[in-house]
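Worksheet for the structure shown next.
Throughout, read-outs are computed from the coordinates displayed, never taken from laboratory work. Keep in mind that what you see is a predicted model, and the values were worked out from it rather than measured. Here Cβ is always computed from backbone atoms with ideal geometry, including for glycine, and neighbour counts include all displayed protein chains.
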Amino acid sequence: MKDWIIARLSEESTWRGIILVVTGLGVKIAPDMAQSIIALGLAAVGVINVAKQQAASKADVAAAVESNNVQKLGLEPSDPAPPRAVVIEAAPKS
């Protein structure tokens, strides 16, 4: 359980969720300060979104793997091989 919690705390989506919950609770507890609390909560989520690393799109990964150009993914030639694009399709519902 401890490992699961630590893993969740390393994800930016968890921190955005925590900030939004605390923001909502703050508005409920101190309605007279709602505008300030909301502004602070939105600013904190914005900082997380700006600071997070953007993941490469499937098309970027596929093109880089196809052309063997790892620099497109931000990897150096000494880094391990770039990830292979894997497409998983759901079975049709019957």
In region 2-34, what residues are more than 20 Å from residue 46 (Cβ to Cβ) and surrounded by 13 or more Cβ atoms within 10 Å (Cβ to Cβ)? 8
Are there any pairs with C-beta distances below 6 angstrom linking a residue in region 35-52 that is closer than 13 Å to residue 15 by Cα to a residue that is among the charged types (D, E, K, R), with the two at least 6 apart or on different chains, and if so which? 45/16; 48/12; 48/16; 52/12
